[in-house]
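Here the structure comes first, spelled out in structure tokens, and everything after it is commentary.
The values are calculated or read from the model by the stated rules, or taken from the named source; none is laboratory data. A quick note: this is a predicted structure, and the numbers were derived from the prediction, not measured. Here the Cβ positions follow ideal geometry from the backbone for every residue, glycine too, while neighbour counts run over all protein chains shown.
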Amino acid sequence: MQARLFIGNLSWNTTDQDLADLVTEHAEVLDTKVITDRETGRSRGFGFVTIESDRVQDVIRALDGQSVDGRQIRVNEAEERPQRDRGGFGGGERRNRY
């Protein structure tokens, strides 16, 4: 099985490869993704790493609170993202304006 970790408070310069290198010391990395702003392409300061689930607690214990590029990172299990209503007009009722 696989597990997904949230890694926060990353340096703006952290890349997917940097994230993989950080976690590889503690578990086999299956996937990494540093989240970027859609408009600017700049890192938003957090990312996700997918690893084998039997190593989750080891990785969290080893990395949570560690200093990486001068920033104290946060590491925990990622929570499932709630489903969003993809309806048009922001999900609210559309009203005619006079």
Within region 1-22, the residues that are under 19 Å from D37 (Cβ atoms), assigned to a strand (DSSP E or B) and touching an Asp or Glu at 6+ places or on another chain (Cβ under 8 Å) are F6
Among what's in region 33-58 and is among the β-branched types (V, I, T) and in contact with an Asp or Glu (Cβ under 9 Å, 6 or more places away or on another chain), pick the residue that is surrounded by the most Cβ atoms within 10 Å (Cβ to Cβ). V49
Within the set of pairs 6 or more residues apart or between chains, which connect a residue that is more than 11 Å from I7 (Cα to Cα) inside region 58-79 to a residue that is surrounded by fewer than 12 Cβ atoms within 10 Å (Cβ to Cβ) and at pLDDT below 95 with Cβ atoms less than 7 Å apart? D69/N13
Could you tell me whether region 45-57 includes any residue that is among the acidic types (D, E) and at pLDDT 95 or above? no
